[in-house]
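Take a look at the structure below.
The values are calculated or read from the model by the stated rules, or taken from the named source; none is laboratory data. Because the structure is a prediction, the values reported are computed rather than measured. Cβ coordinates were reconstructed from backbone atoms using ideal geometry, including for glycine residues, and neighbour counts include every protein chain displayed. Heads up: the accessible areas ignore ligands, DNA and RNA and are worked out on the full protein's heavy atoms, side chains in. Shrake-Rupley method; radii C 1.70, N 1.55, O 1.52, S 1.80 Å.
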Amino acid sequence: MRDEELLQMRAALEANKRRLTDLRARVQREAEGQTRSHELAHTFGRHSTNWTKAHEAEFQHRLAVGLGKHANEIGALEAKIRRQEAAIRARHLKKARRARPS
C-alpha cells in the first residue's frame, strides 16, 4: 500500500532542498565571478597561481554580502524544510502507532 500524501510530502521536501542548494550555488558563482572580474595581485614564477590570498579574501567578502542579501529567502527555505521534515517524521510515527498491535 502506497501513501500518496507521504510521497507528495517527500517530493515537496526534495524540491525545497534543491531550491536552497541552487540558491546557495548561484550566490557562490556570482561571488566568484565578481572576484575574478577585478584586477587583484597575481603571483609569478614557478609556483604561480591565479587565485591568491587576496582573491580568497575578496571572494569570502562577496560571498558573505551575497548570502546577506538572500538571508530572508535562505532562512525561509531552511525553516520550511525543518517544518516539512518534522511533518514527515510525525506522519511516520502516526503510521507506526496505528500499525502497532494493542
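Quick look at the values:
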quantity	calculated
Any hit, region 30-42, residues being open to solvent by 70 Å² or more (accessible area, probe 1.4 Å), under 20 Å from Asp3 (Cα atoms), outside any helix (DSSP H, G or I) and modelled with pLDDT under 95	no
Filtered residues of region 66-102 (kept if loosely packed, with under 12 Cβ neighbours inside 10 Å, over 16 Å from Arg26 (Cα atoms) and of a type in the set (A, V, I, L, M))	Ala79, Ala86, Ala90, Leu93, Ala96, Ala99
Filtered residues of region 43-77 (kept if over 21 Å from Arg19 (Cα atoms), of a type outside the set (Lys, Arg) and modelled with pLDDT of 85 or more)	Ala54, His55, Glu56, Ala57, Glu58, Phe59, Gln60, His61
Single condition Ala31 does not satisfy, out of (1) small (Gly, Ala, Ser); (2) in contact (Cβ under 8 Å) with a residue 24 or more places away in the chain; (3) under 24 Å from Arg83 (Cβ atoms)	(3)
Unique match (being within 21 Å of Arg29 (Cβ to Cβ) and open to solvent by 70 Å² or more (accessible area, probe 1.4 Å)) among His61, His55	His61
